1. Give me the log10 of I(q) over I(0) for segment 107-264 at q = 0.21 Å⁻¹, as the Debye formula computes it from C-alpha points; what are the numbers?
2. 7 Å from Cα along Cα→Cβ at both Tyr211 and Ala256: what's the point-to-point distance in nm?
3. For segment 107-223, what relative contact order do you get, as a whole percent, if you take Cα pairs closer than 8 Å and at least 6 residues apart?
4. R0 = 51 Å: FRET efficiency of Arg310 with Lys22, Cβ-based, nearest 0.05?
5. Which FRET efficiency value, to the nearest 0.05, is calculated for Glu158 and Trp301 with the Förster distance at 22 angstrom and r the Cβ-Cβ distance?
6. Can you pull the accessible area of Val285 for me, 1.4 Å probe, Å² to the nearest 10?
7. If every alpha-carbon in segment 281-324 counts as one equal scatterer, what log10 I(q)/I(0) does Debye give at q = 0.27, 0.31 1/Å?
8. For the pair Asn290 and Asp105, what calculated FRET efficiency results from E = 1/(1 + (r/R0)^6), where r is the Cβ-Cβ distance and R0 = 30 Å, to the nearest 0.05?
Amino acid sequence: MSGVLLAICGTTALCAETLILKNGDRISGEIVQSSSQAQNGSFIILKSHYGAEMNIPLAQILAIQSDSGAVLQNRVVEAENIPPEVADAADSVALEEPAAGDPSDPKKYKWAGRINLGASLDDGNNQKKALTGDFEITGRNAKNRWITGGDANFANDEGVETENDQSLYGEYNRFLGEKWFLGARQDFEIDKIAQLDLRSKTGAFAGYQFYEQEDLNLKIRFGSNYIHEDFQNGDTEEDIALAWGLNYDQTFWDNALTLFHNHEVDAPFDPVDAFIFESETGIRVPVAKNLTGTAQVDFDWDNAPVPGVREEDTSYSFKLGYEW
């Protein structure tokens, strides 16, 4: 392969560019290294406005757009494995205003989300019914992130209700730099089988974003929550708790499979042994465009439940979802 441009940035170490990919996507940021500087000589390393570094294969790049708005010619030096029609197509790329959420405009939000639904029905020797669903919507710009989501689960076995729980949450993150952020979160939860009429958690926290990429996301948050609980037996509890949360997802084998794990821990100051652990772990695979299949395990542990309720609660679900 022939050499790759170093003239992109002249003599500067970083420059702001928009890469126009062959699939029509545009990725904006600062070019940290050209592929002639990268180890394998076939990538441009782009640092996004969110701080994440991405290796962009040369074979996927159609053209490079400068800050002035013009598509610059010969910004990508021809490589032996790039067909001539790719270079010709760069001349006809239409220049459009950045879409909402384009990181080139730090104030515009990029929205993403998913909705999952699952159900089962046995109407033979065993009569079982189950319905499960969840959703999450995220809005992100350079400094702010808003997240809202929730889930609902219902199950009936031979006329006996075995599952009936719902949750709803909202979260706000304010980024102080590339990685650190401050935030606030509100959670509501109902679990009839655990005799919980309502649990509300109101908290503030600091967080750290290790990765925020299309194929890898990892963040943690730590702070405190005010917890208020109303139970079916009439009892009410209020606690201040230390809080910890982790969110992770990673895509493997060219988007063929996504592994995810999320968990939260609340440890009240009094009593110190009455902690609550809630988690979800699973895999997600593409089914069709914007459609996914999810296999998920939810494991929760309440170390001080009301009398007659087990400490652990495990549920399994299979869902079909839509992503955008």
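The values are calculated or read from the model by the stated rules, or taken from the named source; none is laboratory data. Since the structure is predicted, the reported quantities are computational estimates derived from the model, not experimental observations. Every residue, glycine as well, gets a Cβ built from its backbone with ideal geometry; the counts of neighbours run over all protein chains shown. Note: accessible area is taken over every heavy atom of the protein model, side chains too, but ligands, DNA and RNA are not part of it. Shrake-Rupley method; radii C 1.70, N 1.55, O 1.52, S 1.80 Å.
1. -1.38
2. Here the modelled spin labels are 1.8 nm apart.
3. Once divided by the residue count of segment 107-223, the mean separation gives 16 percent.
4. Numbers: r = 54 Å, r/R0 = 1.06.
In this case the efficiency is close to 0.40.
5. Here the calculated transfer efficiency is 0.20.
6. About 50 Å², rounded to the nearest 10.
7. Evaluating at q = 0.27, 0.31 Å⁻¹ gives log10 I(q)/I(0) of -0.89, -1.03.
8. Taking R0 as 30 Å, the efficiency between Asp105 and Asn290 is 0.75.
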